[in-house]
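Readers should treat all values here as calculations from the given coordinates under stated rules, not as data from a laboratory. As the structure is a computational prediction, the values presented were derived from the model and not from experiment. All Cβ positions, even for glycine, are placed from backbone atoms using ideal geometry, and neighbour counts span all protein chains on display.
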Amino acid sequence: MNIEWDKLGFAFMPTRSNIRFHYADGKWDEGKLCSDYNINISVAANVLHYGQAIFEGMKAFGCKDGKVRIFRPDENARRINASARQLLMPEFPVEKFVEAVKTVVKDNADYVPPYGSGGSLYIRPVMFGTTPQVGVAPSKEYELVIMVMPVGAYYKGGIKPVDAMISRDFDRAAPHGTGHIKAAGNYAASLLSGKIAKDNHCPVALFLDPATHTCIDEFSTSNFLAITADGKYVTSRSDSILPSITNKSLMQIAQDLGMVVERRQVNVEELATFTEVAACGTAVVLTPVGRIFDGDKVYDYKLTEIGPVLEKLYKQMTGIQYGELPDTHNWLVEI
Ligand code: PLP
Ligand code: COI
C-alpha cells in the first residue's frame with residue numbers, strides 16, 4: 001500500500017474489505033467482511049430496471065490523539081431507513097448499522113488518512129434490490145454493502161471558492177417526489193444539469209424548488225447555506241432537499257457560537273444580499289461558492305478564499321471531527 005495521503009481527491013479506491021448483508025425471507029443476515037469488490041446478480045435484478053437503490057455517505061477521521069472516530073453514523077442509519085421506507089425497501093436496524101460501520105472501518109484502519117494529512121476515510125453504504133423480475137414491484141431480496149476509501153477534497157483546490165450555475169432547464173427532484181431521500185435515481189437525474197454547469201465552467205449545479213422555481217433548493221451533492229449582512233446563518237427549508245447531517249451539525253455549531261440560524265424558504269433574489277454562500281455535505285464539507293450564474297445574471301461574492309464567517313464554522317466543525325476541539329454534542333463514535 002503506497003498512498004500519498006496529502007494528494008488524495010474524491011475517487012473510488014478498493015481497500016481491504018467491504019461488509020455485506022443479504023436480506024431474504026423477511027430478514028437481514030449476520031453479514032460478512034468481503035475482499036471482493038464485484039457482485040453477482042441477475043441481469044433482471046430489480047435495481048437495474050426499476051431502480052430500488054439508496055445510499056449513504058459519512059466519514060471516519062484519524063484524530064489528534066491517534067484514535068479513529070466516525071462522525072454521527074447513527075444519523076446515517078436513521079436516514080437510510082427513511083430512504084428505505086419511501087422506496088418500499090427493508091429497514092436495517094440502527095445499532096446493527098453502526099456496528100457494521102465500526103467493523104468495516106476497524107478492518108481498514110490502515111486506510112484512514114493520518115492526522116494532519118487533511119484526508120478522511122469515506123464510508124459509502126449502498127442498498128439495492130436483487131430479485132430478478134420484469135413486473136414492476138418491490139424486490140424481495142436486497143443487498144446492503146458498506147465500503148470505505150480514503151479521500152481528500154471533493155473539488156479540486158480544497159476549500160477554495162467554486163462557481164455554481166442555477167439549473168433552469170431541469171429539476172433534480174419533483175414536488176412530493178424523492179428529493180428528500182438518498183435515492184440513487186436523484187443523482188442520475190442531476191447529471192445533465194451538472195454537465196450543463198460544467199460546460200459553463202461551473203463545477204456545481206444549484207437547483208430551485210421544483211414547484212415554483214422561485215426558491216433555492218440545494219446543490220446536486222450538498223445543501224445550500226448563506227450568511228446574511230447582519231451575520232445570520234440561512235439555509236433552505238424544502239420538502240425536496242436531502243436533510244444534510246453536515247448542515248444539521250453546522251446549524252448547531254453556529255448556534256453554539258451565538259449566531260442566529262434561519263431555516264426557511266430562500267428566494268432566488270436574496271442571493272444578491274448575502275455576504276457569503278456555501279455548499280455543505282459530507283463529501284464537500286463546507287465549500288465556499290464564489291459566484292452563482294443564473295442566465296445572464298451573476299451573483300459575485302468577490303471571494304478568493306473562504307469568507308470569515310464560513311471559516312469560523314469550518315474550523316469549528318473540522319476541529320471537532322479531528323479531535324482538536326471538545327466533542328460537546330457526542331457526535332463522534334470511537335472504533
Ligand atoms: N444534499 C444532497 C443532494 C447530497 O447528496 C448530500 C450528500 O450526502 C447532502 C445534501 C449533504 O448531506 P450530508 O451532510 O448528510 O452528507
Ligand atoms: C456525500 O457527501 O456523502 C454524498 O453522498 C455526496 C456524493 C453524491 C458524492
(message) With 10 angstrom as the radius, rank 182, 27, 232 by how many other C-beta atoms surround their C-beta, starting from the fewest.
(response) 27, 232, 182
(request) Report, by chain and number, residues whose modeled amide H sits under 5 Å from the one on residue 262, excluding near sequence neighbours (fewer than 5 apart, same chain). (result) 233, 234, 235
(request) Find how many whole Å separate the alpha carbon centroid of segment 191-231 from the alpha carbon centroid of segment 255-327. (result) 13 Å
(request) Per DSSP H run of n ≥ 4, the term is -39500 (n - 2.57); total these for the chain, divide by its residue number, and report the mean residue ellipticity at 222 nm rounded to 500 deg cm²/dmol. (result) -7000 deg cm²/dmol
(request) Note down the magnitude of the dipole of segment 5-151 about its Cα centre, charges +1 on Lys and Arg C-beta and -1 on Asp and Glu C-beta and zero elsewhere, to the nearest 20 debye. (result) 360 debye
(message) Please report the projected area of segment 1-105's Cα convex hull averaged over all directions, in nm².
(response) 8.6 nm²
(message) I need to check one value: relative contact order of the chain, counting alpha carbon pairs closer than 8 Å and at least 6 residues apart, in percent.
(response) 19 percent
(message) Stokes-Einstein diffusion coefficient for the chain at 25 °C in a medium of 0.890 mPa s, Rh from the Kirkwood formula over Cα pairs: what value in µm²/s?
(response) 119 µm²/s
(message) Return the Rg/Rh ratio of segment 117-158 with Cα-based radii and a Kirkwood Rh.
(response) 1.27
(message) Neighbour counts of other C-beta atoms within 10 Å: give me 107, 256 arranged from fewest to most.
(response) 256, 107
(message) Tell me the relative contact order for segment 162-321 as a rounded percent, counting alpha carbon contacts under 8 Å between residues six or more apart.
(response) 24 percent
(request) Just the Kirkwood number for segment 162-321, please: inverse of mean 1/r across all distinct Cα pairs, in Å, one decimal. (result) 15.6 Å
(message) Let me spell out the model: positive unit charges on the Cβ of Lys and Arg, negative unit charges on the Cβ of Asp and Glu, origin at the Cα centre of the chain. What dipole size does that give, in debye rounded to 20?
(response) 280 debye
(request) Taking 7 Å along the Cα-to-C-beta vector as the label spot, tell me the residue 16-residue 174 distance in nanometres, rounded to one decimal. (result) 4.6 nm
(message) Distance cut-off 28 Å, Cα to Cα: go down the list 195/232; 7/64; 160/195; 102/312; 102/160 and report the pairs above it.
(response) 195/232; 102/312; 102/160
(request) Write down, largest first, the equivalent ellipsoid semi-axes of segment 55-201 in whole Å, where each equals the square root of 5 times an eigenvalue of the alpha-carbon gyration tensor. (result) 28, 26, 12
(message) Give me the percent relative contact order of segment 5-151, please, defined on Cα pairs under 8 angstrom at least 6 residues apart.
(response) 36 percent
(request) Have a look at 328, 292, 278 and report the one farthest towards the positive end of the charge dipole of segment 276-335, computed about the Cα centre with Cβ charges (Lys/Arg +1, Asp/Glu -1). (result) 292
